[in-house]
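Structure, as structure tokens:
Computed from the coordinates by the stated procedures, all read-outs in this text should not be read as laboratory data. Note that the structure is predicted; figures quoted are calculated from it, not measured. Neighbour counts are summed over all protein chains in view; Cβ atoms, including those assigned to glycine, are modelled from backbone coordinates with ideal geometry.
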2 protein chains.
Amino acid sequence: MKGQTKEKDHLKDSESVLTDIALNAQLADYSPVKGCMVIRPYGYAIWENIKAILDKMIKDTGHENAYFPMLIPESFLQKEAEHVEGFAPECAVVTHAGGKELTEKYVLRPTSETIINHMFAKWISSYRDLPLKINQWANVVRWEMRTRLFLRTTEFLWQEGHTCHASFDEAQEETLLMLSKYKELLEEHLAVPVHTGMKTESEKFAGAHSTYSIEALMRDGKALQAGTSHNLAQNFAKAFETKFTTENNQQDFAYQTSWGVSTRLIGAVIMGHHDEIGLILPPRIAPYQVVIVPILKKNDENILVLTEAKKIIEELKALNISYKFDDRDNISQGIKFNEYEQKGVPIRLVVGPKDLENGFVEIHRRDTKSKEKDVPRAGIAERLKSLLDTIQKDLLQRALDYRKEHTQTVKNLDELEDVLNNKTGFARAMWNGDVALEALLKERFKASIRCIPDQRELDAKIIPCIFSGIVYQNNKEILIAKAY
Amino acid sequence: MKGQTKEKDHLKDSESVLTDIALNAQLADYSPVKGCMVIRPYGYAIWENIKAILDKMIKDTGHENAYFPMLIPESFLQKEAEHVEGFAPECAVVTHAGGKELTEKYVLRPTSETIINHMFAKWISSYRDLPLKINQWANVVRWEMRTRLFLRTTEFLWQEGHTCHASFDEAQEETLLMLSKYKELLEEHLAVPVHTGMKTESEKFAGAHSTYSIEALMRDGKALQAGTSHNLAQNFAKAFETKFTTENNQQDFAYQTSWGVSTRLIGAVIMGHHDEIGLILPPRIAPYQVVIVPILKKNDENILVLTEAKKIIEELKALNISYKFDDRDNISQGIKFNEYEQKGVPIRLVVGPKDLENGFVEIHRRDTKSKEKDVPRAGIAERLKSLLDTIQKDLLQRALDYRKEHTQTVKNLDELEDVLNNKTGFARAMWNGDVALEALLKERFKASIRCIPDQRELDAKIIPCIFSGIVYQNNKEILIAKAY
């Protein structure tokens, strides 16, 4: 009972943290549509930065962008048995259009495997047409019971990659390649470390042969599935007759993959990087990396300050440092400082008349909350560039340290319970693969197997299955956590 | 009767031109969803190029991107009387979601004035919050009776700008500024000349105070409304209570604008630039500006050709020339040449072993279909860069010449009929503003007033109204045409 209350408080806390940061930093706002949010300019600019980085990765690995209809004939969903079972309950349905009832209803895409396969079947006839590697940036709709800003919204923005290959192995290679790109995106750019691994049967994508995910740890101790990559094998190809003639002149169904990340990534950034003041943005995805606040007086000294600030701006531009110059004169410095701290702007640069006379400026680092006075004005852009790199690295290290502190190897259910309810974070344990035992986790601890990581990463082969207590050669190490 | 048959043939012709080019160039494909198309990678890459150019223009003029829900509560649409009348018949309606019938139905956004105003009302309270200048890149749905690839599809991609201002004049200035940006986009980048002007009352946006458009002339002699910019005045602000406190501490409703262009622009490119072979792409929006075709033999000479081609590629990259290198060895040159001509690639560069030995390469210009042999290999990238600029200019000039040839000043209905049914293109005429006379145009000629251009552009103040025959001081010159 006590545990339950604590858990509820904890949930409430982390939900209010997310909400407060998202609203105060003007990343998003509630909308009048159930479960849908409005992404405000500051939040959308983060999305644009993430999108530009990932889009380049996707294109550099040989994929091309395209666009498919958002409306999917309801009958398409039915064609793959597991798929319809998984998605039908979450679908929004268009039944009327142009003032009439439709003879065939349409669902708003919850994901596009079905409609894309319909087209693939038309476009592919020979092994020469393979591999076919397509990506789509789009909005999707999943009618969720319980929603949270960025982490789970009824409509969200994402990219979905869809590829066709001539063999299972090639599809598997693609699945893992894109998983590794997601890992790179999160660690190198979002400064959010992730575990990669396979999902269990009960957690895999509806219709996939196997699903892999990246799993991040948020600062409230909960795990977040931040992206998935699926080897679909021939499941959808068989349902949609996506066939090709092989080099040996045989007919075979295409081997496919699909993979996606969404605006949930902004949720990962919020819950992965914040403190009691608000958001802390990694420089590589910050809408502006430096905010320049001039100290304005009601006298002629402003000319010096404004002139010098403009010179600094030119120096920042030359080094590709993004900036915002806030010279509003009807708002106090203190209010400005607070606004940009809540928004997580990596560096604040204060330019004042007295400092300038002595050849100095002032720097404030958002991540460490440390202020440095008397920073030489000369060479400031280089100094900031280097500091931004440091902040980017430090944020990743901070997150890695946090994850290390919040990851325990557990040998029995008591230890597991202690991790899940008190220490929070990841528990590493062995599992014999029994689905019934996995179900226990959800019932008893409201936790789940986040993934089965690459076993070579781990060193715990001698530990018995945490549920059955048996040492068994096929035991696999798993990562368990409470999750969003 | 004869006229009617001719008109039908003409319509069929231009429709099959559009369809053939779009399908053969793999810009788009038909989808299984009524009136919706699939935008294939080659078509989507054009959209990405257009988007990048326009997005920069939008940001450079002080607008920020954001994202609003696609689902709009049906009741929102009702709040502005003209708006609901205009859009309700075209709406697709979500009535069920999550397995249940919804208590409030949602329409798929046909445009977002209503939901955005709901948010504006929340965000704006003082003149200090103004101007508020937002843009959204999104998909929209309008249930059209008759659809055509790119030019009119049930779902399409677009951007919609939405701004709030403290005065009518400022809103008007914004409306015309964005109209001028659209003109710049089309003329400087798409090489499609446009007339700008105001729409008549019967053609304006449902809910606007006034609508301005850019009107292009397609190569089949029909006009195309390629973009619109609306001064909404306070119409939506009043419906949604989007109020602000003025500098004088009074309450006023915000003065608003909205403006949009869509994937229809790709239709404008197709119908504005083609010949009997297929598409001709303006270099600035071509997915690749140069296709490099190496002449491959089944012997060691290939090494020279491939090595040299790779050097050329490095030189092109250094000058930011986009390229495609087609070294497929299982497809004949002739088939490759044909493919890239249909796709409208501005320049084909052929690299063969014999030419190379003599220090030459071969260039083919798509727009003029002219081939130049013995082009010096040395300095080829600079040569191509300059040629791409020439092609860009020539395409605009070709379109301007065509428009000039297909624009006639008409003084009576016989002359008008001759233009509309035989000469095709724009007819310039005077009009006294009588709506009943405007209706005649549609009934009798299946044509419409495309816009009332800036009167200073014109020199025909002494001509009587084409319908009434009366010279009247408020007569205005109008552009009449058959249109898509």
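Along the range B:371-387 the Karplus relation, 6.51 cos²θ - 1.76 cosθ + 1.60 evaluated at θ = phi - 60°, assigns HN-Hα couplings of 10, 10, 8, 6, 7, x, 4, 5, x, 5, 5, 4, 4, 5, 4, 5, 5 Hz to successive residues, with x for each Gly and Pro.
Peptide B:114-127 has a mean of 2 when you count, residue by residue, the C-beta atoms of other protein chains within 10 Å of its C-beta.
Comparing B:ASN432, B:TRP137, B:PHE87 along the charge dipole axis of the protein assembly as shown, the residue lying farthest to the positive side is B:PHE87, per the Cβ-charge model. In the range B:2-272, taking the dipole from charged Cβ atoms about the Cα centre, the farthest positive-side position among B:ALA171, B:ALA25, B:PRO69 is held by B:ALA25. Taking every DSSP beta bridge that has both ends in the range B:2-272, the antiparallel portion is near 95%. Would you please classify the overall shape of the range A:71-229 from the alpha carbon gyration tensor, given that a ≥ b ≥ c denote the square roots of the eigenvalues, rounded means a/c under 1.5, and beyond that prolate means a/b larger than b/c while oblate covers the rest? Oblate, because a/c is 1.5 or more while a/b does not exceed b/c. Take every DSSP beta bridge whose two residues both sit in chain B; close to 80 percent of them are antiparallel. Computed 3J(HN,Hα) for the range A:78-88, one whole-Hz value per residue from the Karplus formula 6.51 cos²θ - 1.76 cosθ + 1.60 where θ = phi - 60°, is 5, 5, 10, 4, 5, 4, 5, 4, x, 9, 3, glycine and proline marked x.
From the Cα gyration tensor of the range A:314-355, with a ≥ b ≥ c the square roots of its eigenvalues, which class applies: rounded if a/c is under 1.5, or else prolate if a/b is larger than b/c, or else oblate? Since a/c reaches 1.5 but b/c is at least a/b, the shape of the range A:314-355 is classed as oblate.
For the peptide A:234-244, the mean number of other protein chain Cβ atoms found within 10 angstrom of a residue's Cβ is 0. Calculated over chain A, the projected area of the Cα convex hull averaged across directions stands at 28.1 nm².
Residue ranges B:107-119, B:163-175, B:409-421 sort as B:107-119, B:163-175, B:409-421 when ordered by packing (mean number of other C-beta atoms within 10 Å per residue, highest first).
Taking amide H atoms as placed 1.01 Å from N in the peptide plane, the amide H of A:HIS209 lies under 5 Å from those of A:ASN231, A:LEU232, A:ALA233, each 5 or more residues away in sequence or on another chain. Taking +1 at the Cβ of each Lys and Arg and -1 at the Cβ of each Asp and Glu, which of A:HIS230, A:PHE205, A:PHE150 sits farthest along the dipole of the range A:140-237 towards its positive end, judged by Cα position relative to the Cα centre? Farthest towards the positive end: A:PHE150. Rounded to the nearest 20 debye, the dipole magnitude of the range A:288-389 is 240 debye, with +1 charges on Lys and Arg beta carbons, -1 on Asp and Glu beta carbons, and the Cα centre as origin.
The H on the amide N of B:VAL261, modeled in the peptide plane, is under 5 Å from the matching H of B:GLN159, each at least 5 residues off or on a different chain. Loop-located GluC sites (Glu not before Pro) in the range A:30-111 (DSSP state other than H, G, I, E, B) with a sparse environment of at most 16 neighbouring Cβ atoms within 10 Å are absent. Computed about the Cα centre, the dipole magnitude for the protein assembly as shown is approximately 120 debye when only Lys and Arg (+1) and Asp and Glu (-1) carry charge, each at its Cβ. In this structure, the amide hydrogen of A:VAL471, modeled 1.01 Å from its nitrogen in the peptide plane, lies closer than 5 angstrom to those of A:CYS465, counting only residues at least 5 positions away or on a different chain. Seen against the Cα atoms of chain A and their longest principal axis, helix A:168-184 is set at about 20 degrees.
Computed with the Debye formula from one identical point scatterer per Cα of the range B:312-460, without solvent, the log10 of I(q)/I(0) at q = 0.11, 0.16 Å⁻¹ comes to -0.65, -0.89. 3J(HN,Hα) along the range B:216-229, derived from phi through the Karplus expression 6.51 cos²θ - 1.76 cosθ + 1.60 where θ = phi - 60°, amounts to 9, 10, 7, 6, 9, x, 9, 7, 9, 6, 9, x, 9, 9 Hz, with x in place of Gly and Pro. Counting only residues at least eight positions apart within a chain, or on another chain, the lysines with an alpha carbon under 27 Å from that of A:LYS311 are A:LYS297, A:LYS298, A:LYS324, A:LYS336, A:LYS343, A:LYS354, A:LYS369, A:LYS371, A:LYS373, A:LYS385, B:LYS56, B:LYS59. If the segment from A:ASN320 to A:GLU276 were pulled out straight at 0.36 nm per residue, it would be longer than the present Cα-Cα gap by 12.8 nm. Please label the shape of the range A:320-407 as rounded, prolate or oblate, based on the square roots a ≥ b ≥ c of the eigenvalues of the alpha-carbon gyration tensor (a/c under 1.5 means rounded; beyond that, a/b larger than b/c means prolate, else oblate). Taking the square roots of the gyration eigenvalues as a ≥ b ≥ c, the range A:320-407 is prolate. So what does the Cα-only Debye profile of the protein assembly as shown read at q = 0.09, 0.10 Å⁻¹, as log10 I(q)/I(0), no solvent term? With no solvent term, the Cα-only Debye profile gives -1.14, -1.38. Counting Cβ atoms of other protein chains within 10 Å of each Cβ in A:40-49 and taking the mean gives 4. Cβ-Cβ distance of B:GLU357 and A:SER125, R₀ of 35 Å, FRET efficiency by 1/(1 + (r/R0)^6): the value works out to about 0.30.
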